[in-house]
Amino acid sequence: MTYNTDFLYDRRTIRKYTQEAVADHLLYDLLKAGCRASTTGNMQVYSIIVTRDDNMKRELAPLHFNQKMVTEAPVLLTFCADFNRFSKWCLLNNADPGYDNFLSFMTAAIDALLVAQTVCIAAEASGLGICYLGTTTYTADKIIEVLKLPKGVVPVTTVTLGWPAGQPDQPDRLPAEAVIHKEVYSDYGDKDIERFYSAKEGREDSRQFIRENNKSTLAQVFTDVRYKKEDNVYFSKILLKVLKDQGFMNQ
Ligand SMILES: Cc1cc2nc3c(=O)[nH]c(=O)nc-3n(C[C@H](O)[C@H](O)[C@H](O)COP(=O)(O)O)c2cc1C
């Protein structure tokens, strides 16, 4: 058995797209292939909202903090944790759905992310470029309104999709030993942390990041600028309310 992981090693997020359309049949095929991803109990507790309409993109853009890809990409895919459809099927079949709880949200969110990533790999293998949008979980309450998501459905991530306009530099990764543990978790001493992060810290783009943000370490760019505690706490509250309103915190 031979296998080829080159395209996975070569991949990078694509944030700029050409004007070329993504044909319906190609998109449908990628989505269908994505639905072959593993899914809890073969329940398929997810839904995928396809956005192609410019007006819809414009409505969604501020909810993704006006990241340009939202209006520039030919296609936007919003992947949702969805126990609505499955619960309706249960009710129609004299079965009592017990999915109004946090565990069920996690189950459906995991399903949705697995399908998302499988669609992304299929898309990248076809030469398309993708970018995930983490803003989906920040503004899930408003995305629910725009996409008319009923109770039991929560958007968990969005992916922009299109033909790449150029190949940006490939970002770094930590060395594999930094993330792989043999048999049991081997916790990190200060020296390990320094060793694993030194290449990242030494990159010119990291140094530029530090300068631009007026910080003294790269870690501070993350803690003080990009992923701040106050933002995390603020958006957590919104997300917890969404889970309650969508019926996942009843037990
Ligand atoms: C859950 C998730 C959310 C992300 N959100 C954003 C985003 O909102 N905007 C963006 O430009 N990139 C986003 N990305 C892309 C990451 O920034 C990117 O994957 C990372 O910097 C590594 O780059 P690479 O994918 O090119 O290797 C996100 C990625 C993931 C997995």
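What follows draws every value from the coordinates through simple rules; no lab data is involved. This is a predicted model, so every value here is computed, not measured. Every residue, glycine as well, gets a Cβ built from its backbone with ideal geometry; the counts of neighbours run over all protein chains shown.
Here are a few things to note about the model shown:
- The alpha carbon gyration tensor of the range 107-156 gives principal lengths a ≥ b ≥ c with a/c of 1.5 or higher and a/b greater than b/c, which makes the shape prolate.
- Of the chymotrypsin sites (Phe, Trp or Tyr not before Pro) found in the range 22-127, those that fall in a DSSP loop while having at most 12 other beta-carbon atoms within 10 Å are Phe65.
- Selected from Asp100, Asp190, Asp111 as most flexible by GNM, with the chain as the system and alpha-carbon contacts under 10 Å: Asp190
- Across Pro164, Pro175, Pro155, mean-square fluctuation computed from a Gaussian network of the chain (C-alpha pairs under 10 Å connected) peaks at Pro175.
- For the range 153-219, the fraction of alpha-carbon pairs in successive 5 Å shells from zero, as %: 3, 12, 15, 14, 13, 16, 15, 8, 3
- Highest GNM mean-square fluctuation among Ala123, Ala37, Ala165, for the chain modelled with Cα contacts below 10 Å: Ala165.
- Using alpha carbons only: equivalent-ellipsoid semi-axes of the range 1-95, gyration tensor based, whole Å: 29, 23, 12
- As a proxy for reagent exposure, ranking Tyr227, Tyr3 by other Cβ atoms within 10 Å from fewest up yields Tyr3, Tyr227.
- The chain, helix-only ellipticity at 222 nm - DSSP H runs n ≥ 4, -39,500 (n - 2.57), divided by all residues, nearest 500: -13000 deg cm²/dmol
- Kyte-Doolittle at least 0.5, axis length at least 30 Å by Cα - qualifying DSSP helices, the chain: 102-125
- Geometric extent, Cα atoms of the range 53-164 - Rg, Dmax (angstrom): 15.3, 49
- When you filter the GluC sites (Glu not before Pro) in the range 35-139 for DSSP loop state and at most 13 other Cβ atoms inside 10 Å of their Cβ, nothing is left.
- Cα centroid separation, the range 196-250 to the range 32-89 (Å): 24 Å
- Using a Förster distance of 30 Å, the FRET efficiency for Lys229-Lys142 (Cβ separation, nearest 0.05): 0.85
- Entry note: the range 101-186 has Rg to Rh equal to 1.06, where both radii use alpha-carbon atoms and Rh is the Kirkwood radius.
- Intensity falloff of the chain expressed as log10 I(q)/I(0), Debye formula with alpha-carbon point scatterers, at q = 0.09, 0.10, 0.13, 0.17 Å⁻¹: -0.49, -0.61, -1.02, -1.44
- Taking Val50, Val221, Val242 and counting other C-beta atoms within 10 Å, the order from fewest to most: Val50, Val221, Val242
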